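First up is the structure itself, then whatever we jot down about it.
The values are calculated or read from the model by the stated rules, or taken from the named source; none is laboratory data. In this text, all values refer to a predicted model and were calculated from it rather than measured experimentally. All Cβ positions, even for glycine, are placed from backbone atoms using ideal geometry, and neighbour counts span all protein chains on display. Side chains included, ligands, DNA and RNA excluded: accessible areas come from the protein's heavy atoms. Shrake-Rupley method; radii C 1.70, N 1.55, O 1.52, S 1.80 Å.
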Amino acid sequence: IAKAEELLTYNTSASCALSLLFFSDGKPSDPKPDHPVIVSNMGKLASKFGRRLSVSCIGMAAKSTDFSTLEDMVEEAKQYGSIASFGKPSLDADSLSHIISGLASSLTTSRTEMTELRTGELRQVRMDIVREKLHTLDSEGTWKNYAVDDESRYVWNFWAWTWNERRTGGFTQIVSRRCMHCYSEDGLHSCADCKAAFLCRGCFREGNTFVDHKASNNRFESECDSLLKRIAIGSLLHKDEEQLPSFCIAVKDQAFGEGAERIVRKVRFLDPANGAYIGPIMVAKESRFAGEYHTQMAYHKNFMRTQNIAASFGRRFNDALDETEKYFDTSSQAFIRGLPRILFIEPMVVELIDNESEKNILIERYLVGDYKKFNSNMGFVEDEVKKLVKQMNNLGVGVTSQPQQDIDLGIIEEGSEEEEESDDEDDGELFDSKEVEPGESDYGDLQDAYFPQAFSHFSYERSRGNFMVVDLQGVFSVKDGSKVYELTDPVIHQHDRLRRRSRRHDHNRGSKVGKKWNFGRTDRGINGMKAFFETHKCTDACRLLGLSEVDAEDV
C-alpha cells in the first residue's frame, strides 16, 4: 500500500484517475497482527485521493478461505469516499473477466468525471482536500475560524442569488450587519434612512454618528443614498438573523462528503462575543477541481442559478397543488392540503480572507434526516419510486392515506377545449401559466413517494418542454404538521432546441431569438429528458396536476 501511494502521487498535476487492484489467495505474507495496520493504511490512502481512487480486491481461492483483510480494506476505502469492491470469483476465466470489467467501468467513470467536456482535457483534482471517515463526530478533526478579532482570517462578504421570471439575475450582496468602523457586531445601531449601515455600541458611545455616512457633495452622492439605490434595484439584500445569525463562521478542515463535482464540509456560525456555535448547522460546497478565485465564483454562479430556478419551479408546483383544491368537495380539501410540497434550500456564497488570500465557499443549511436521492439525471426513476414507497410504508410515514371516501371532482366540470400549444420563438417567459385541471381518477393511490417524480414531470410540462428538473435529492420531513421534500443540488436538463436558438442568436445578435443557459456538465439535454420518460410512469400525483402522459420518443 505504501508503494501504491508512492506511485499514485507520481502524477503531481492530479489529472489522472487512479486504480488499485489486489489479488490474493487468502494467505498474505503479512503477520496476522498487521491486519489493523493494513486496513488503516488503506484508509489513509483513500482519505487522500477520495473518489479519484478505485480499489478492487479479488480473492482467488476456495470458498472457505478467509479474506477478511481484503474485505476490511474495501470497507475502509468506502468510508472515505473511494470507489471500492471485493470480488470472490469462481476459479474460471469468465468469472474473473466479469470482475475486471467492473473495475474498468469504475475507472472509466472516474476519468469521465475528470474530463472537460468541451475540450477533452483532463481537469486537475484538488490535492489540498483531507477527507474524514463516515460518521465522524464534529468534535473530531480541526476547524478554522473566520472571526472579527482575527486580522488575518475573517469574512469579507456574503452573497445571495436573485433571479426573476424575466430571466435577469445575478449575485446580490447581503447587507453586512457589522460596525462600519470596527466591524464589531455588538449592540448595533443602524442608519435610520438606509438600514444598511451600522455602528456598534462602543463606537456609538465614543461619539461616532452617521453624519459622514449621509454627507454628499457636488461630485458624489452620499454613501447612504448609494446604499438606498442598491437596495431599490436589488443589488443589496437584507437577511434577518434567523437566516444569517452572524458574520463570523467556522469551517471544518476535513471534508465529510464528495460527489462527482463537489466536496462538502461542515460550517457553523459563531457568536462574535464568545465564539460559541449559534444558528443552524451549515455545509460548505466547493469544487473538487483546482481553479483560481474567479473560476470558483463561476462554479458557484452555475450552482446558485440552477438551484434558484429549480426553486421557482418548486413554488409553481406548490401553487399548482393549492389550485387543485377548488376542484374537490370540502371534505377532500384538507386531504389535498396535506400532500407533500417541494422546497429547495437557499444557498449563499461567503467571501473569505485567509492570510491575505481571497477564497470563497458556497454554504447552505445542513439537511437533517434520512438523506436520499429520489431520481437522477440518468433516467433512474421507476426503481427509486418502488424503493421509496417500500421504505415509507415500512416506516409508517410518508404514505398519504387514502381518504375515507374516494376524492371526486365535485360539481366543477373540467373544460373540454384543448389549450393551444405555444409556438412562439421568443422564450422571454419561462413558465406556462395555464390553469391546473386535474385528470380523471378516483385518486385512491396518492403516495407521498410519487411527488418528486411528479415534480420533474411538472417542470417539463410547465416550461413548455424546454427544461426538466431532476437529480432530486434531500430529505422528506414533516414540519409543523406539513409534509415537505427539502431538496438541494438539482440538475436541470435544457432541451436542445434552446441551444439551437442560442446559436442562431449568436449569428443574429439583433434578434431576440433565444438566450444561453448554462447548467453545467450534468445537463444531459434531450437525452436526459428522454431517459426520464423512458422509466417514469404517471401516477395519481401527475393526474392530480393535470399532467399529460409523455412518450420518450416525442420529447
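The set of residues in the range 425-478 being at pLDDT 90 or above, among the hydroxyl-bearing types (Ser, Thr, Tyr) and either in contact with a strand residue (DSSP E or B) (Cβ under 7 Å, 6 or more places away or on another chain) or open to solvent by 20 Å² or more (accessible area, probe 1.4 Å) (or both) consists of Tyr450, Ser456, Ser459, Tyr460, Ser477.
Suppose the filter is assigned to a loop (DSSP other than H, G, I, E, B), open to solvent by 60 Å² or more (accessible area, probe 1.4 Å) and of a type outside the set (A, V, I, L, M); does Glu346 pass it? Yes: the conditions hold for Glu346. Among the residues of the range 185-225, count how many are in a loop (DSSP other than H, G, I, E, B), closer than 24 Å to Glu151 by Cα and open to solvent by 30 Å² or more (accessible area, probe 1.4 Å). Qualifying residue count, the range 185-225: 5. Only one of the listed residues (Thr162, Thr172) is modelled with pLDDT under 85 and assigned to a strand (DSSP E or B). That residue is Thr162. Within the range 230-248, is even one residue modelled with pLDDT under 95, farther than 26 Å from Leu362 by Cβ and part of a helix (DSSP H, G or I)? Among the residues of the range 230-248, at least one is modelled with pLDDT under 95, farther than 26 Å from Leu362 by Cβ and part of a helix (DSSP H, G or I), which makes the answer yes. Does the range 286-299 contain any residue that is out of contact with any His (no Cβ under 8 Å at 6 or more places or on another chain) and at pLDDT 90 or above? No - not one qualifying residue is present in the range 286-299.
Comparison of Arg153, Arg178, Arg126 shows that the only residue that is surrounded by 14 or more Cβ atoms within 10 Å (Cβ to Cβ) and out of contact with any Phe, Trp or Tyr (no Cβ under 6 Å at 6 or more places or on another chain) is Arg126. Residues in the range 479-493 that are more than 19 Å from Ala260 (Cβ to Cβ) and buried (at least 17 other Cβ atoms within 10 Å of the Cβ): 4 in all.
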